[in-house]
1. Explain nothing, just the number: dipole magnitude of the range 212-336 about its Cα centre with +1 on each Lys and Arg Cβ and -1 on each Asp and Glu Cβ, in debye rounded to the nearest 20.
2. Rank by packing, highest mean first: peptides 401-414, 207-220, 83-96, with packing defined as the count of other Cβ atoms within 10 Å averaged across residues.
3. In whole Hz, what ³J(HN,Hα) sequence does the range 192-205 give by Karplus (6.51, -1.76, 1.60; θ = phi - 60°), x for Gly and Pro?
4. Among all the aspartates and glutamates, which ones have a C-alpha under 18 Å from K408's C-alpha, if same-chain residues fewer than 8 places away are not counted?
5. Report the Cα centroid-to-centroid distance between the range 118-172 and the range 252-299 in angstrom, as an integer.
6. What FRET efficiency, computed as 1/(1 + (r/R0)^6) with R0 = 45 Å and r the Cβ-Cβ distance, is obtained for K173 and A328, rounded to the nearest 0.05?
7. So what is the relative contact order for the chain, in percent, with contacts set as C-alpha pairs under 8 Å and at least six apart?
8. Name the residue from V118, V94, V170 whose Cα lies farthest towards the positive end of the charge dipole of the range 82-238, charges +1 on Cβ of Lys and Arg and -1 on Cβ of Asp and Glu.
Amino acid sequence: MTTAARTRLDSARTALSSACSEVVDATPADAVDGVPVGLVARPASTAEAAEVLRAAAVFGLVVVPRGRGTKTSWGRPPEQADLVVDLSRMSAVVEHAAGDLIVKTEAGALLADVQAAVGSAGQRLSLDEVVPGSSIGGTLATNTSGPGRVAVGTARDLLLGVTVVRADGVVAKAGGRVVKNVAGYDLGKLVIGSFGTLVIVTEAVFRLHPVPAARRVVSVSAGSPDDVQRLVQLVVHAQVVPAAVEVEWSGTGGGTVGVLLEGTAAGVEGRAAATIALLGGDAHATDELPAGWGRLPWADEPVAGRPTALKATFALSALSRVLAAGQAAAGAAGVQLHLRGSGGAGVLYGALPAGTDVAAVREVVGRLREACALAGGALVVLDGSPEVKAGMDTWGPVPAIDLMRRVKEQFDPERRLAPGRFVGGI
């Protein structure tokens, strides 16, 4: 860091400390995808977060928001990072209106803690915790979802309102705490999946669902991509009403389809029996979720190293073609590709082992991206080693990139919120 940059940060720290009670020098652990950071501010409220961003704006600091740090390496490395705004102190469940099936929570709250708070009233926030230890804000910023999206949708479908802070420190609110109030709801949809490049979300309001009285999981093995396609289609077009459908493809020529059934005890038992008869083969039911259910496949990789993490989206009718393309590409490249995701919604997450050669990663990404594009979807490299990210287009073609750049210009004209982290260098 140059002397001038250090002097600027020292001056900024004085102003930031007046806005927020906890401002510290960053450590190497605070780096954002390898990009070093100067300072970390931990506001305790929306008002403090706004003051922090106002102070940062005065000194022209580049800011990267952080929830619990479980996904800070996702996307591209930011062009620069002077200040991390850490929301972990903003961890409260602000309000739980059980009678209205509504919860209002701060962005730094752990998803698991929110579930525990609303669970005391027999309710739940129907978002799968695909990355253990995720915060509400991080879940919204990266738009993660699990197999439960087949029944209730994603965060976009559950979010009723948000409070955000713009790069200039202005606080904005959209939506409300009741289901009928949808004024400004588009802002919530806009910030979901924007990787912290538009605004910093500080609070969110969600619609809840009752916890079902019973559940059963029916699992069946599948020997080929066509088998997987057939089994998933049988389930989603039958009247067994699955709460979730998960596909797992090991990359060694075999896979599993899991069907989660929820409801009353008698109803679940009858639907489980019907599902077993429908799927045939070695289909069987259990009360417990299978190991790894709802988790991203790279969570199962060894701790050492950094696997390449993929997200594939496509029309459900192309499930077998995407699986076959992945299997063929991995075989040609001599690597293992582990896929898992929402078989009923056309979303699969993939993992290539840490240390996989960049050329092999390109081979797999290219063939999978082509298959997804032909099915109206996309293939994104969410995470990977610095060599992997430097060696390929991680986001791929984006038809609406010009519109997205205009949105960035409106929200953050000085490009001070995580610049370069999102698609197209946004």
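1. On the way: 8 positive and 11 negative charges, 64 e Å.
In total the dipole reaches around 300 debye.
2. On the way: 401-414: 14.1, 207-220: 18.2, 83-96: 19.9.
In decreasing order of mean packing, 401-414, 207-220, 83-96 become 83-96, 207-220, 401-414.
3. 5, x, 8, 6, x, 9, 10, 8, 10, 6, 10, 9, 9, 10
4. Those aspartates and glutamates meeting the cut-off are E79, D168, D186.
5. Using only Cα atoms to place each centre, the spacing works out to 25 Å.
6. Working: r = 49 Å, r/R0 = 1.09.
According to the calculation, E is roughly 0.40.
7. Working: 956 pairs, mean separation 65.4, N = 426.
Computed value for the chain: 15 percent relative contact order.
8. The residue sitting most towards the positive pole is V118.
All of the numbers you see were taken from the coordinates with simple rules; none came from a lab. Keep in mind it's a predicted model, so treat the numbers as computed, not measured. No Cβ is skipped: glycine too gets one built from the backbone with ideal geometry, and neighbour counts run over all protein chains shown.
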